[in-house]
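The values are calculated or read from the model by the stated rules, or taken from the named source; none is laboratory data. Since we're looking at a predicted model, the values are computed, not measured. Note that we place each Cβ from the backbone using ideal geometry, even for glycine, and neighbour counts take in every protein chain shown. Heavy atoms of the whole protein, side chains included, go into the accessibility calculation; ligands, DNA and RNA do not. Shrake-Rupley method; radii C 1.70, N 1.55, O 1.52, S 1.80 Å.
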Amino acid sequence: MPDKPKIAMYWAASCGGCEISLANLHANILAVDAAFQLVFCPCLVDGKKRDVEALKDGELLITFFNGAIRTDENQEMAHLLRKKSKILIAYGSCAYEGCIPGLSNFHSKQDHFKAIYLDNPSIENPQKIVPQTETKVPEGTLTIPAFHDRVRTLAQTVDVDYFLPGCPPESFKVWEVIDSVIQGKALPPKGTIIGAGKCTVCDECEKKKEDKKIKRLYRTHEIVPDREKCLLEQGILCMGPATRDGCKAQCPNNADMPCTGCYGPPSGVRDQGAKMIAALGTALDLGDVSTLSEEQVAARVEEVIKAIPDYAGMLYKYSLPGSILGGKR
Amino acid sequence: MFEPKIVCFYCKWCTYSGADLAGTSRMKYLPNGVVIKTMCSSRIDPQHVLDAFAKGADGVLIGGCHYGDCHYVTGNHQTYRRVEMLKKMLPSFGIDPARFRLEWISAAEAGKLVHVINEFTEQIRALGSGIPIAR
Ligand code: FES
């Protein structure tokens, strides 16, 4: 058999959902197999790190790298796969912008170790042992990768060619990308966000939209939404206006659930959370305030905005490490 | 003594003109503010505020028109809501919301501008340079 181009997929700090999104190509996975040789993907095929090390530099045509950079091991694999790949794609929200593992940046490493290994009510640890990178045992020294102070994105660690957003990326979009490579189409410029749109989720959302005049904010469990109408207009905090399209707005369209922002900021926006605050500032409607004093306006605003208990966690659910501030300073 | 860096976003129609008046009236005040003129306080994207902090500002001040005076009618109301939401969010990032201030200062209120800058500078001086640049 002639040599097929080699590809790899690797998981760093991630949940495995990205691998599922590849497996979710269904029958098209056979087309992937016909066109490429999947040489390394610990979740799906048997291949070892030493096999990757044995490859020539740039021998992998594409590596789909999912997961954020949390530990030394994640970092080491990112450097190794960068070296061995012609095209390195940050696949999924974790590699692209940090995602759920990245929420950890609201706390320090010390906070985490304290909460997980010392204060956790279900743990008994009288000797107060926390993970060490090296432990001496009679048989020798055991090592585990170091836990970094902060979660970083792939592009904050190594040079990245393309970004493919989503938590996980929608399989039909993944297929579009892979198919265009199989067809031999020209590659987009380096740094392009692929497998996604340029506009916002609202653009793909089929719900009826009118002027946004939000009287009060609801959390999802507090209200049964009108299926026809824009969820944000009903006061449900939908991240659609601050989120990139490409997913076909499946959460609002198919499940009447608000967008939580997994495709990251739309083109031209650096910080998804800040942009959502900008949008909310416009969309809130406090009625006629012209006769109210400054204090009365303040009280009315507070009444509406206090409905959200954790702005930072809500607005940066997927994008914290890649955001302007990146986490707790 | 610690000299804080304060990024000041002033709306062109009110606060910026107030600052002009303070200047032409030769009023003396602390020099810690770096002024950026915008067409309206609502032109200030929350991204600008976060960017200022991320790049090392010790404080951010937004100056706009009083209610009823905004050149674009409702701009300052939008600004107020954004500022309040940002203030609720900043502690999660380890930034004391006291480093972020919004004031309505009209074109005639040069005295208020001088007072606000002096007071805010002293407050931030007391807080210290509290925002280490991460990463
Ligand atoms: S024009 Fe001054 S706040 Fe809008």
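Descriptive notes on the structure:
- Taken together, the residues in segment B:31-60 that are of a type in the set (A, V, I, L, M, F, W, C) and open to solvent by 50 Å² or more (accessible area, probe 1.4 Å) amount to 4.
- Residues (assigned to a helix (DSSP H, G or I) and either more than 7 Å from chain A (Cβ to nearest Cβ) or farther than 21 Å from A:G327 by Cα (or both)) located in segment B:65-86: B:G75, B:N76, B:H77, B:Q78, B:T79, B:Y80, B:R81, B:V83
- Residue match in segment B:87-96 (condition: within 9 Å of chain A (Cβ to nearest Cβ), buried (at least 19 other Cβ atoms within 10 Å of the Cβ), closer than 30 Å to A:R329 by Cα and within 13 Å of the chain's Cα centre (by Cα)): no
Let's see how each residue does on (1) surrounded by 14 or more Cβ atoms within 10 Å (Cβ to Cβ); (2) part of a loop (DSSP other than H, G, I, E, B); (3) in contact (Cβ under 8 Å) with a residue 12 or more places away in the chain; (4) not assigned by TED's automatic domain parsing to the domain that holds A:G261:
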position	(1), (2), (3), (4)
A:V160	yes, yes, yes, yes
A:P169	yes, yes, yes, yes
A:V174	yes, no, yes, yes
A:V177	yes, no, yes, yes
A:V181	yes, no, yes, yes
A:K190	no, yes, yes, yes
A:E210	no, yes, yes, no
A:V224	no, yes, no, no
A:R227	no, yes, yes, no
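- Of the residues in segment B:96-118, none is on the phi < 0 side of the Ramachandran plot, hydroxyl-bearing (S, T, Y) and part of a helix (DSSP H, G or I).
- Taken residue by residue, segment B:66-78 has no member that is open to solvent by 10 Å² or more (accessible area, probe 1.4 Å) and away from the ligand (no atom under 16 Å from the Cβ).
- Segment A:28-51: number of residues that are of a type in the set (A, V, I, L, M) and more than 26 Å from the chain's Cα centre (by Cα): 4
- Members of segment A:276-329 found to be hydroxyl-bearing (S, T, Y), surrounded by 15 or more Cβ atoms within 10 Å (Cβ to Cβ) and more than 9 Å from every other protein chain (Cβ to nearest Cβ), listed by number: A:Y318, A:S319
- Restricting attention to segment A:259-275, the residues that are more than 9 Å from chain B (Cβ to nearest Cβ) and assigned to a loop (DSSP other than H, G, I, E, B) add up to 10.
- Restricting the first member to segment A:111-125 and to residues that are assigned by TED's automatic domain parsing to the domain that holds A:H148, and the second to residues that are polar (S, T, N, Q), the beta-carbon pairs closer than 7 Å and six or more apart or on different chains are A:H112/A:S104; A:Y117/A:N125; A:L118/A:N125.
- Here A:L81 passes the criteria (1) touching a residue at least 60 places away in the same chain (Cβ under 8 Å); (2) within 26 Å of A:T192 (Cα to Cα); (3) open to solvent by 30 Å² or more (accessible area, probe 1.4 Å); (4) outside any strand (DSSP E or B) except the one numbered (3).
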